[in-house]
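Data first, discussion second: the structure below is written as structure tokens.
The values are calculated or read from the model by the stated rules, or taken from the named source; none is laboratory data. What you are looking at is a predicted structure, and each value in this text was computed from that prediction instead of being measured. Cβ sites come from the backbone with ideal geometry, for glycine too, and all protein chains shown count toward neighbours. With ligands, DNA and RNA removed, areas are computed over all heavy atoms of the protein, side chains included. Shrake-Rupley method; radii C 1.70, N 1.55, O 1.52, S 1.80 Å.
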Amino acid sequence: MYIVKGFKKNSGVIKATGKKWENYSLFCLKESKDDSVTGYEVHTAKVSPSILQEVFPNSSAMIDSKININYGVRTFGGVEKLVVESIDIIK
């Protein structure tokens, strides 16, 4: 479980193709399962605009929301990377 504390829009252009890209950095706190950490760990997830808008149509409602982040693996340029596939709100 993560607690959303903030977000930031990122954008740019892929030099090789000239294609524009856009995503959001989602800043969260996560209860630590590491005995050497007291309290929370910080977690940042890169999320596509479509996923974020689907889960949080009103962006101001996301602050302090409790969520689960579901990751999948995709290959970019021959390198496997974790990507956010969906977000579930915990009620």
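What to note about this one:
- Extreme residue, modelled with the lowest pLDDT, among residues of the stretch 35-79 that are acidic (Asp, Glu) and more than 19 Å from Trp21 (Cα to Cα): Asp35
- Pair list, Cβ < 9 Å and 6+ apart or interchain, from the stretch 35-60 residues that are open to solvent by 100 Å² or more (accessible area, probe 1.4 Å) to residues that are at pLDDT below 85: Thr38/Ser32; Tyr40/Glu31; Tyr40/Ser32; Gln53/Ser59
- Just so you know, in the stretch 1-34 the residues that are among the β-branched types (Val, Ile, Thr) and surrounded by 13 or more Cβ atoms within 10 Å (Cβ to Cβ) include one that is nearest to the chain's Cα centre (by Cα), and it is Val4.
- Residues of the stretch 61-88 satisfying the condition of being open to solvent by 70 Å² or more (accessible area, probe 1.4 Å) and in contact with a Phe, Trp or Tyr (Cβ under 8 Å, 6 or more places away or on another chain): Lys66, Leu82, Glu85
- The residues on offer are Ser86, Ser48, and the sole one that is closer than 16 Å to Lys8 by Cα, of a type in the set (Ser, Thr, Tyr) and under 12 Å from the mean Cα position of the chain (by Cα) is Ser48.
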